[in-house]
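Below is one structure, written out as structure tokens; comments come after it.
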Amino acid sequence: MKKIMVTGASGQIGTELVSRLRQIYNTDQVIATDIKKASTQGASGPFEILDVTNSQAMYEIANKYQVDTIIHLAALLSATSEAKPLLAWELNMGGLLNALEVSKTLNCQLFTPSSIGAFGPTTPNNNTPQETIQRPTSMYGVSKVSGELLCDYYYNKFGVDTRGLRFPGIISYITPPGGGTTDYAVEIYYDAIAKGSYTSYISQGTFMDMIYMPDALEAIITLMEADSSKLKHRNAFNVSAMSIEPEMIAAEIRKHIPHFKLAYQVDPVRQAIADSWPNAIDSTAAKEEWGFNAEYNLEKMTKEMLAHLSIKFA
Ligand code: AKB
């Protein structure tokens, strides 16, 4: 049975991943860590305060619990990284390097997410291949490509079992994301329920890949359980469930809330990041090598998001 340490456990992915992992591997097998404890973090189960830039502290927690798997999620997202590029480099790269070193020392398997942000304006825009041009123009993207390469290096040089996914925007109703370019696709559902309208900072017609949280969690777990010998790629697999733009979400929301209104006030910084990312990535390698399969499309996800948020805001 795996013994797993999760960094960034209070974040959007971390909160839900820890709960899911605890269902599968038992509560005591999953050690949640973050620089702060989120109010949504379940009271039960091991939790440790951890600043991932502190290598000694990371080592001590991993060693104390004798973990064999590290899921390293702590990082700044794209918009925050653009506002604070030095901090983004220090946290995204410093934290990952520490996680890799701890994994090497304690012989742990390591998962860390990459992103569609690892692509740039010279990457093919549609059906973006698994292996292609990666010259991102945002600090977030620079840190994500570097992270992919660093993970490859630790696998090839030291045999660390590193694995990763290039995540698109992740849509969920439990913990909101913070500081990302794709956050609009979560906010739109919250505002649809709370106000019946949303003002998008991303322009009409801007396509980006997205995935619903249950599919994202399943992808992490399936990849980590996959037979190593079947993986031709490791860091990191393209995964996407849908390529969508704001009007498409609005049209789907209107099937449930007919009076829903969508307006635009474009944020030039986040729009520029979105414009530098692909419209639609190709997940074939993930499907072929470890059976990636997204169950939620826009229609099914919208129905669930609105149902859950209506209960949350009732
Ligand atoms: C962001 O928008 O920064 C993230 C991502 C796609 O990596 N959601």
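Mind sorting 259, 308, 233 by how few other Cβ atoms lie within 10 Å of their own Cβ, fewest first? Before the final figure, lay out each step's value.
Numbers: 259 7, 308 15, 233 18.
Fewest to most other Cβ atoms nearby, the residues stand as 259, 308, 233.
Taking 20 Å as the limit for the C-alpha separation, the pairs 195/312; 157/287; 261/303; 230/287 exceed it in the case of 157/287. Each eigenvalue of the Cα gyration tensor of segment 1-130, multiplied by 5 and square-rooted, gives one semi-axis; in descending order these are 26, 17, 15 Å.
Applying the criteria of a DSSP loop state and at most 16 other Cβ atoms within 10 Å to the GluC sites (Glu not before Pro) of segment 81-155 yields 131. For segment 1-101, the residue among 17, 99, 77 whose Cα projects farthest onto the positive side of the dipole built from Cβ charges is 17.
Using only side-chain charges placed at the Cβ, +1 for Lys and Arg and -1 for Asp and Glu, the dipole size of the chain relative to its Cα centre rounds to 300 debye. Computed over the chain, the percent of Cα pairs more than 23 Å apart is 55. Per-residue packing, averaged as other Cβ atoms within 10 Å, sorts the ranges 251-258, 280-287, 239-246, 67-74 into the order 67-74, 239-246, 280-287, 251-258, beginning with the highest.
Of the chymotrypsin sites (Phe, Trp or Tyr not before Pro) in segment 260-314, the ones in a loop by DSSP (not H, G, I, E or B) with at most 11 other beta carbons within 10 Å are 313.
Using a simple spin-label model with pseudo-atoms 7 Å out from Cα toward Cβ, residue 232 and residue 308 lie 3.5 nm apart. Spatially, segment 103-135 and segment 74-95 are offset by 16 Å when compared through their Cα centroids.
Length gained on full extension, residue 104 to residue 269: 55.6 nm, using 0.36 nm per residue less the C-alpha separation.
Considering only beta bridges that DSSP places wholly inside the chain, some 10 percent are antiparallel.
What ranking, highest mean first, results for peptides 167-177, 19-29 when packing means the other Cβ atoms within 10 Å averaged over each residue? Please report the intermediate quantities before stating the final value.
Working: 167-177: 21.8, 19-29: 15.9.
Going from most to least packed, we get 167-177, 19-29.
Taking other C-beta atoms within 10 angstrom as a stand-in for reagent exposure, 135, 270 fall in the order 135, 270, fewest first.
Length gained on full extension, residue 293 to residue 83: 72.1 nm, using 0.36 nm per residue less the C-alpha separation.
Every number in this text was worked out from the coordinates using simple rules, so none of it is lab data. Model, not experiment: these values are computed from the prediction. Because the Cβ atoms are built from the backbone with ideal geometry, glycine has one as well, and the counts that use them run over all protein chains shown.
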